[in-house]
Amino acid sequence: MRADALRNREKILAAAKEIFAVRGPEVPMDDIARRAAVGVATLYRRFPDRETLIRAVAQDTFARVLEHFRAAVAEEAGAWDALVRMLRSSQELQLSVQLALHSPLARETLRDDPGTGRFRNELLGVLDQVVRAAQEEGTLRTDIGAGDVAVLISLLLRRTPGPTDGTDTTALERATDLMLDGLRARPDVAPLSGSALSVEDFESRAKGNL
């Protein structure tokens, strides 16, 4: 791909990610072209239809989240610190969750996409690794599984209407603090009802919503 074509592709992906995160992937393609400062014809040369663009945005987003997750595992002193860092990388994570779970159009588009599925499986694998390690070091409660954490993330980060003055970000940070407090191991913690959810359980539930 020529340098100018590559730049246009990156601009379109960046614009689409920004708009998808706020308005969802059903946004008019013309709005994405305007945000990217490219012509509509240029957008369609790079991405011939909305589904192609959704797949490209999803794969790029999951790849970036996976990079964040792996960096947290490699750079943090302990598994709990890695988990906290992973859960606080909310911007890319929010879009990946929205695309994977909460947009009907995206769910249908990504249902059988092997590239997106590969990234999602790798993300869940890293999460499972960190959850088990944090439980072994005694910092994470032992009556949960990585599937429970994945469910919490998907509920916490699903897109909801909110103010544009920054208070929605503060609310997300507070909710993340509450979630982490509930996940931390303590001797006086009340046991949860039911069985811990594994990654496989989470995947099964997610597929049931497709």
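Please report, in debye to the nearest 20, how large the charge dipole of the chain is about its Cα centre when each Lys and Arg carries +1 at its beta carbon and each Asp and Glu carries -1 there. Don't jump to the answer; show the numbers that get you there.
Values: 29 positive and 32 negative charges, 165 e Å.
My answer is approximately 800 debye.
Using the Karplus curve 6.51 cos²θ - 1.76 cosθ + 1.60 with θ = phi - 60°, what ³J(HN,Hα) values do you get for each residue of the range 146-154, in whole Hz, with x for Gly and Pro?
3J(HN,Hα) across the range 146-154, in whole Hz: 4, x, 4, 5, 5, 5, 4, 4, 5.
Add +1 for every Lys or Arg and -1 for every Asp or Glu among the other residues with Cβ under 14 Å from the Cβ of residue 84, and state the total.
Residues near residue 84 contribute -4 overall.
Can you list the residues, at least 5 places off or on another chain, whose amide H is less than 5 Å from the amide H of residue 140, using H built in the peptide plane?
For residue 140, whose amide H was placed from the backbone, the distant partners under 5 Å are 135, 185.
Treating only the Cβ of Lys, Arg, Asp and Glu as charged (+1, +1, -1, -1), what charge dipole size does the range 1-48 show about its Cα centre? Round to the nearest 20 debye.
So the magnitude is around 200 debye.
Is it possible to state the helix-based mean residue ellipticity at 222 nm for the chain, with each DSSP H run of 4+ residues giving -39500 (n - 2.57), the sum divided by total residues, to the nearest 500 deg cm²/dmol? What is it?
-22500 deg cm²/dmol
By how many nm would the segment from residue 29 to residue 175 grow when fully extended, if each residue of separation counts as 0.36 nm and the alpha-carbon distance is taken off?
Gain on extension, residue 29 to residue 175, equals 49.2 nm.
Between the range 37-82 and the range 109-147, what is the separation of their alpha carbon centroids in Å?
Comparing the Cα centres of the range 37-82 and the range 109-147, I get a distance of 18 Å.
Residue by residue through the range 124-136, what is 3J(HN,Hα) from phi via Karplus (6.51 cos²θ - 1.76 cosθ + 1.60, θ = phi - 60°)? Round to whole Hz and write x for glycine and proline.
The phi angles translate into 5, x, 5, 4, 4, 4, 5, 4, 5, 5, 5, 5, 5 Hz.
The numbers here are math on the coordinates, done by the rules we state, and not lab data. Keep in mind it's a predicted model, so treat the numbers as computed, not measured. Neighbour counts are summed over all protein chains in view; Cβ atoms, including those assigned to glycine, are modelled from backbone coordinates with ideal geometry.
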